[in-house]
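Undergrad: Have a look at the structure that comes next, please.
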Amino acid sequence: MIDYNPKEWLRYIFYFQKADTVRKLMPMILTMAAYSSVIAYLIIVHFRITENNDLKNISLMHSLLGFVISMLLVFRTNTAYDRWWEGRKQWGMLVNGSRNLALKLAALIGPEYADEREFFKKMIPNYAFAMKNHLRNRYISEEFEDTKLFQKSSLVTTDHVPNQIAAAIFAKVIELQKRGVLLPEHTIILNHELEGFTNICGACERIKNTPIPLSYSSFIKKFIFIYCLTLPIGYVFSLHFLVIPFVMFVFYILASLEVIAEEIEDPFGEDSNDLPMERISAGIRTATQALLK
Amino acid sequence: MIDYNPKEWLRYIFYFQKADTVRKLMPMILTMAAYSSVIAYLIIVHFRITENNDLKNISLMHSLLGFVISMLLVFRTNTAYDRWWEGRKQWGMLVNGSRNLALKLAALIGPEYADEREFFKKMIPNYAFAMKNHLRNRYISEEFEDTKLFQKSSLVTTDHVPNQIAAAIFAKVIELQKRGVLLPEHTIILNHELEGFTNICGACERIKNTPIPLSYSSFIKKFIFIYCLTLPIGYVFSLHFLVIPFVMFVFYILASLEVIAEEIEDPFGEDSNDLPMERISAGIRTATQALLK
Amino acid sequence: MIDYNPKEWLRYIFYFQKADTVRKLMPMILTMAAYSSVIAYLIIVHFRITENNDLKNISLMHSLLGFVISMLLVFRTNTAYDRWWEGRKQWGMLVNGSRNLALKLAALIGPEYADEREFFKKMIPNYAFAMKNHLRNRYISEEFEDTKLFQKSSLVTTDHVPNQIAAAIFAKVIELQKRGVLLPEHTIILNHELEGFTNICGACERIKNTPIPLSYSSFIKKFIFIYCLTLPIGYVFSLHFLVIPFVMFVFYILASLEVIAEEIEDPFGEDSNDLPMERISAGIRTATQALLK
Amino acid sequence: MIDYNPKEWLRYIFYFQKADTVRKLMPMILTMAAYSSVIAYLIIVHFRITENNDLKNISLMHSLLGFVISMLLVFRTNTAYDRWWEGRKQWGMLVNGSRNLALKLAALIGPEYADEREFFKKMIPNYAFAMKNHLRNRYISEEFEDTKLFQKSSLVTTDHVPNQIAAAIFAKVIELQKRGVLLPEHTIILNHELEGFTNICGACERIKNTPIPLSYSSFIKKFIFIYCLTLPIGYVFSLHFLVIPFVMFVFYILASLEVIAEEIEDPFGEDSNDLPMERISAGIRTATQALLK
Amino acid sequence: MIDYNPKEWLRYIFYFQKADTVRKLMPMILTMAAYSSVIAYLIIVHFRITENNDLKNISLMHSLLGFVISMLLVFRTNTAYDRWWEGRKQWGMLVNGSRNLALKLAALIGPEYADEREFFKKMIPNYAFAMKNHLRNRYISEEFEDTKLFQKSSLVTTDHVPNQIAAAIFAKVIELQKRGVLLPEHTIILNHELEGFTNICGACERIKNTPIPLSYSSFIKKFIFIYCLTLPIGYVFSLHFLVIPFVMFVFYILASLEVIAEEIEDPFGEDSNDLPMERISAGIRTATQALLK
């Protein structure tokens, strides 16, 4: 994710960063321009069709369906944004759960259990890093910190790594209870955070694996496509060659909304709009170390 | 559910998969085309009604009610999508609950209780498969894995199968507590996941059994119907025979939204837009086996 | 609630069931038709007002306020639907809570406590039936099944019957704990379901007793009324006598949305759009009997 | 809150109750009428500006910004309604919490503890009444019922009264546990309801003290103001003196939405749209007395 | 946050407070005015382009895309408002949690533990003040009240201060349990509030650190910019020099919505629309002192 100051207008009007939709859509915008030029040439110069032709009234369709396409795009925008924001919320809950677990364990497990404290101090951030990598379909060995009581060699890296870490953390808590270090009520107090890890990971997997139903995605693309292809036919009579920038701009606006939605919908990648999972994971490591030192 | 890459535009503009609304609506679109042709023929050729006729102004109604129909269709789209997404969330929670239950039991029940561990290892995924089949009104014997402590022969397959499995899992936990294998606080820790199974199943049944109120569904159909039937009358004067593709396209857009909503609304079938319940259930089996091995 | 297949288009376009808004609004639609005829007669035939009259431009108001009325009606539709759907969710939670309570009690209370099991087996569905009747302001004696430990004669039927049943169920659980049949942690495990009954009943009462604020309801009615009354004046100049079906249709669309919203808003009645509370209650009885047999 | 039957159309179209926006806005509507008359007189009679004047095209602005103002007003309506409905939900939860607390305590505290039962029987409804009065910035001594164990003389009425009552109820529960009347698990079971009181009160205070941000409120007012002031200039050329009722009606519609939103936004007053807190509090008293008799 | 009475219309129409968008946007509005004047001069006076020119029809684009820009701005408004309101809810939950924690501890810890009571009485409001300052990236030593058991000298002010306070509070509760002052079930009862502090702080950090995705923010700015730059070209033919105020007003409306959204989006600053965190923190101090005196 790019840090930015939303109040700097000029900068964001004129700066076209790598992920900007203008760049991404440029080939298609140029194709639309070429297509409109051909249509305009044929109608104005070649066939010399006059303004009284029925083709002009095709623009009635564009105004009649203008609402529907706008509302569909807003529906698309809303659902994509909701996923992005839910993804952010889940990562926020991971931060909260990690902090709460660390500060609880710091109070519950005395300094005489140095190994156990070290175990939790390293395993809690390990979970965050493992989940980040899991959501990107990889495993990065260096981001896992070994502890005396659990080494990366015990992980089956082809299986679900976050599950294994969550299981190890839960098992350690139960072991401490059985040894009498933790009292029964303490396991109840810790339960919410321990459950939370798996719930958060599952929710992120759900967001990642479930794009908007293909029916909608494909329908919206077809709609934009036909809408823009007929646009120069309907408007060339009033705009003549001005129809070329006109079609380019309308296409840019409509297609941008779909393109941004596609990008935002899966917020766990490494695009400039994706969530700053590295920074959040590192923040969890810092916080856990401060609380469990 | 079909896996797809939402960023491949060209493919989804031109590929008409089986569930595509173009295919589904083709008979009705052709009927609308025939109807519009007849209207156009009668008005232009047969009666030779001139442009000054009042009939032309019927199109005022279409622009006046254009908002209302757009907003109704977006309302329809939103409610249908919300059910689909809620269904997906419930299945996500089933994944989370199954994982959490497995990793908790793995820590709480020692390896010396091999039969009990095998019981849970098989019964947790059995629940997912049974729920999938229950939501499709069937019972598939092969998808239920027998355990030493519970065989499929004990199921009353004409009753509510998921309830029986949930009851068996809960009863086993209580039995283990009574035998002293689980401590009192452990039943409290497990309670959330045990309750969750039935809550998830109930929520999915609710989504499945409750389509949008008949009043809305029927009203929207009537509205689209009358709106499109009057469309050629109002627009034939400006578009002449071009009114035929015009009506076809407008009808395609409006009816598609209703048709997609109908499909999405019940996400537990086997259509291409439905939830991948097989894959999720299989994932639960894999995860449970890895955690409770 | 009427069961229906939302995919049968033709049937729902042409079938006008009892609750259909066409039927309900017919007197008002006919009144609007008569009114429009009078207006049209006066303007066209009697006063012979020409098209250049300012009255024609009243239609500018209709297009200017077209958005506002559409959005208000969608706001109305959304809030009404949300209540209906929340009511359905509450009843779904009652199903879940009843099932969970039954399957928990089946495991916690041994078969040697036959009377207690019978008590719960009958009292849990009794709650559902009593709540259904309470939401319809009645008490149906036959729907309450007596148990050895609690007879309908103990109910004060003029008081809040569901509360009395919930209190009896909770008291029985506490009594069983005091007798040592249930252990302390079991009351904690059962607490969620026991609380749930009263929470669900309270939420349904809230939906039932709180329609949308009178200000909105009355404002929307006034708006539709004035909007439609001025409609024939503005459009008679372009449509002449065609303005009559025009006004009828616009009025039908706008008023239908308000009428459906009114019907949906209180989902606990016996209209065709209301929730199938009988069926749900009967389902709870079946499930409880299967689980606590 | 006024009880009403939302299905009585005629009554609510013609009945202008005290809080109706027609009444409230009448001075401003008349001012708009006077203003429009002056504009119309100047343009038509005094300056005799012809239809070809550019001023006529000011109406282009009204149609261009028609969407924006509609959507802003719907945004305003939605946020105001959400607060009203959230306020209603909080009061519904107070009803549920009070009932649950009463029926739990009835089972947990035997009839031999008559004073304690009387304490809870009176203090639970006292909380509801105190909260109602607190939300209206007052303290009504008569609505507080004394109990043997807590008299209104112990309240510091200048402090936060509901907090004091919640503290007294919680302290009594803990005292009963220390005396052994309640068992440890019972305090856990009661915790949810005991916490609930303060959470509900805090949520209502939040709604009451936080209107929509001043920026939006002030921006919407300015927008409506300029929009309506320019309205007669743009439309006088097409409507001539008919512009006067036209402006009055448009202003009535737009301003009503803002005025209703202002009224609904704080639902704890004594306006006709506010929540029936007296009735709800009295219902809590009745229910508590029936359950804890 | 400025306190205001939303019902005072006149005051908010004419009063331009410091944060008003009219003031903020004035330079840009004037630039637009200058730009429009130049365009109008060139087209009307210099090039004397007649009304028949195609440039006039550029306004077709403005009406075609009018929906899209309106809906995007409403999307922007909704997401910004949701953050503001969620921020307010979190602070409301901090109030509730602080009150509940104070009234619980007042009952659980007897007056004989004066130091402990003083510890909690001061540390609970210390958390609120520390969180307020943390959200503004600062640390204000005077707002932290020392207690006998914890002095501000123990804080590492470069680390996460709220975390340290939450950890100290949790550790003190566990210490009291180990000393037998609190019973096991009491730690369970207190757990919800103790966890809450960190969850609330994390949620506020999330809101603060995550503005709307750069893609949307930058896209909306570009859209408004191009939309308004082309506005005078399209409308100068109908409005002539009146196009200057026209463009100014349309730009003011569209840009205001974006500017207000930017301001509201991060509600933890010291702008006039931001949340009254000082007042809320002071209220927590008052309430805690009253409950734990």
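Undergrad: Taking the Cα-to-Cβ direction at residue E:30 and at residue D:181 and moving 7 Å from each Cα, how far apart do the two end points lie in nm?
TA: For the pair residue E:30/residue D:181, the computed spacing is 7.5 nm.
Undergrad: Can you work out the FRET efficiency for the pair residue B:48 and residue C:159, with r the C-beta to C-beta distance and R0 = 60 Å, to the nearest 0.05? Mind showing how you got there, number by number?
TA: On the way: r = 77 Å, r/R0 = 1.29.
Calculated transfer efficiency: 0.20.
Undergrad: Counting Lys and Arg as +1 and Asp and Glu as -1, each charge on the Cβ, what is the dipole of segment B:136-293 about the Cα centre in debye, to the nearest 20?
TA: Dipole size: approximately 240 debye.
Undergrad: In terms of the Cα gyration tensor, with a ≥ b ≥ c the square roots of its eigenvalues, is the protein assembly as shown rounded because a/c is under 1.5, prolate because a/b exceeds b/c, or oblate?
TA: In terms of gyration-tensor shape, prolate.
Undergrad: A follow-up question, please. Got the residue E:171 label distances to the other copies yet, label 7 Å along Cα→Cβ, in nm, shortest first?
TA: 3.1, 3.1, 5.0, 5.0
Undergrad: Just to be sure I follow: if Rg is taken over the C-alpha atoms of segment E:102-167 and Rh is the Kirkwood radius over the same atoms, what is Rg/Rh?
TA: So for segment E:102-167, dividing Rg by the Kirkwood Rh gives 1.01.
Undergrad: If packing is taken as the mean number of other Cβ atoms within 10 Å per residue, what is the order of E:177-185, A:92-100, D:163-171, highest first? Show your work: numbers first, answer last.
TA: Values: E:177-185: 15.6, A:92-100: 24.9, D:163-171: 22.3.
Ranking, from highest mean packing down: A:92-100, D:163-171, E:177-185.
Undergrad: What does the charge add up to near residue C:147, with Lys and Arg as +1, Asp and Glu as -1, over the other residues with Cβ less than 9 Å from its Cβ?
TA: -1
Undergrad: Could I ask something else about it? If you count, for every residue in E:188-200, the Cβ atoms of partner chains within 10 Å of its Cβ, what is the mean? Walk me through the intermediate numbers first.
TA: Details: counts 12, 11, 2, 10, 5, 1, 5, 10, 2, 4, 11, 7, 1.
Mean number of neighbouring Cβ atoms from other chains: 6.
Undergrad: Further question on the same structure: Summing +1 for each Lys or Arg and -1 for each Asp or Glu, what net charge is found among the other residues whose Cβ lies under 14 Å from the Cβ of residue C:232? Can you show the working numbers first?
TA: On the way: positive: C:56; negative: B:54.
Neighbourhood net charge equals 0.
Undergrad: Could you tell me which residue out of C:72, C:85, C:40 lies farthest along the dipole of segment C:28-106 toward its positive end? Charges go on the beta carbon: Lys and Arg +1, Asp and Glu -1, centred on the Cα centre.
TA: Most positive-ward Cα: C:85.
Undergrad: For residue E:146, place a label point 7 Å from Cα along the Cα-to-Cβ direction in every copy; what are the distances to the other copies, in nm, shortest first?
TA: In nanometres, ordered from closest: 4.7, 4.7, 7.6, 7.6.
Undergrad: Suppose every Lys and Arg Cβ carries +1 and every Asp and Glu Cβ carries -1, with no other charges. What dipole size does the protein assembly as shown come out with about its Cα centre, to the nearest 20 debye?
TA: Its charge dipole is roughly 540 debye.
Undergrad: Given springs between every Cα pair under 10 Å in a Gaussian network model of chain A, which of A:86, A:118, A:175 has the largest fluctuation?
TA: Ranking A:86, A:118, A:175 by mean-square fluctuation puts A:175 first.
Undergrad: Taking each label point as 7 Å beyond Cα in the direction of the beta carbon, state the distances from residue A:52 to the same residue in the other copies, shortest first, in nm.
TA: Label-point separations across copies, in nm and ascending: 1.6, 1.6, 2.6, 2.6.
Undergrad: Check residue E:182: other-chain or 5+ apart residues with amide H under 5 Å from its amide H, H built from backbone geometry?
TA: E:177
Undergrad: Let me ask you something else. Under the Karplus relation 6.51 cos²θ - 1.76 cosθ + 1.60, θ = phi - 60°, what is the ordered set of whole-Hz ³J(HN,Hα) values for segment E:231-237, x standing for Gly and Pro?
TA: 4, x, 4, x, 9, 5, 5
Undergrad: Right, another one. Say the dipole of the protein assembly as shown comes from +1 at the beta carbon of Lys and Arg and -1 at that of Asp and Glu; which of D:126, B:181, A:237 then lies farthest toward its positive end?
TA: A:237
Undergrad: Classify chain C as rounded, prolate or oblate from the Cα gyration tensor: take a ≥ b ≥ c as the square roots of its eigenvalues, call it rounded if a/c is under 1.5, otherwise prolate when a/b beats b/c and oblate if not.
TA: prolate
Undergrad: Sticking with this one: So what's the angle, to the nearest 10 degrees on a 0 to 90 scale, between helix C:243-265 and the longest Cα principal axis of chain C?
TA: The helix C:243-265 is inclined about 20 degrees to chain C.
Undergrad: While we're on this one: Test of understanding: in a Gaussian network model of chain C with alpha carbons linked when under 10 Å, which of C:102, C:203, C:80 would top the mean-square fluctuation ranking?
TA: Largest GNM mean-square fluctuation: C:203.
Undergrad: Based on the Cβ-Cβ distance from residue B:271 to residue C:279, what FRET efficiency comes out when R0 is 35 Å, to the nearest 0.05?
TA: Result of the calculation: an efficiency of 0.85.
Undergrad: Still on this structure: Provide the per-residue ³J(HN,Hα) series for segment C:44-50, in order, calculated from phi with Karplus coefficients 6.51, -1.76, 1.60 and θ = phi - 60°, each as a whole number of Hz, with x at glycine and proline positions.
TA: The phi angles translate into 7, 8, 6, 8, 6, 6, 7 Hz.
Undergrad: Still on this structure, I have one more. Residue by residue, what Karplus-based ³J(HN,Hα) values in Hz, rounded to whole numbers, does segment D:94-111 have, using 6.51, -1.76 and 1.60 with θ = phi - 60° and x for Gly and Pro?
TA: Using θ = phi - 60°, the values come out as 5, 4, 4, x, 5, 5, 4, 4, 5, 6, 5, 5, 4, 7, 7, 9, x, x Hz.
Undergrad: Toward the positive end of the charge dipole of chain E, about the Cα centre and with charges on Cβ (Lys, Arg +1; Asp, Glu -1), which of E:227, E:170, E:192 goes farthest?
TA: Highest projection toward the positive end goes to E:227.
Undergrad: Now for a separate question. With everything on Cα atoms, drop me the angle between helix C:161-178 and the longest principal axis of chain C, reported from 0 to 90° to the nearest 10.
TA: With both axes taken from Cα atoms, the answer is about 30 degrees.
Undergrad: Under unit Cβ charges (Lys, Arg +1; Asp, Glu -1), what dipole magnitude, rounded to 20 debye, does chain C have relative to its Cα centre?
TA: 160 debye
Undergrad: Using only Cα atoms, tell me the angle between helix D:21-40 and the longest principal axis of chain D; keep it within 0 to 90° and round to the nearest 10.
TA: Roughly 20 degrees between the two axes.
Undergrad: Next question. For peptide B:233-245, compute the average count of partner chain beta-carbon atoms within 10 Å of each residue's beta-carbon.
TA: Counting other chains' Cβ atoms within 10 Å and averaging over B:233-245 gives 3.
Undergrad: Quick check: Cα centre of segment C:53-129 to Cα centre of segment D:245-284, how many Å?
TA: 25 Å
Undergrad: Ignore the peptide's own chain and count Cβ atoms of other chains within 10 Å of each Cβ in B:55-61; give me the average, rounded. All intermediate terms of the calculation are to be shown ahead of the outcome.
TA: On the way: counts 2, 2, 8, 6, 2, 11, 9.
If you average over the peptide's residues, the count of other-chain Cβ atoms is 6.
Read-outs: derived from the displayed coordinates by stated rules, not from any lab. In this text the structure is predicted, and so the values were computed from the model without any measurement. Every residue, glycine among them, receives a Cβ derived from its backbone with ideal geometry; neighbour counts consider all protein chains shown.
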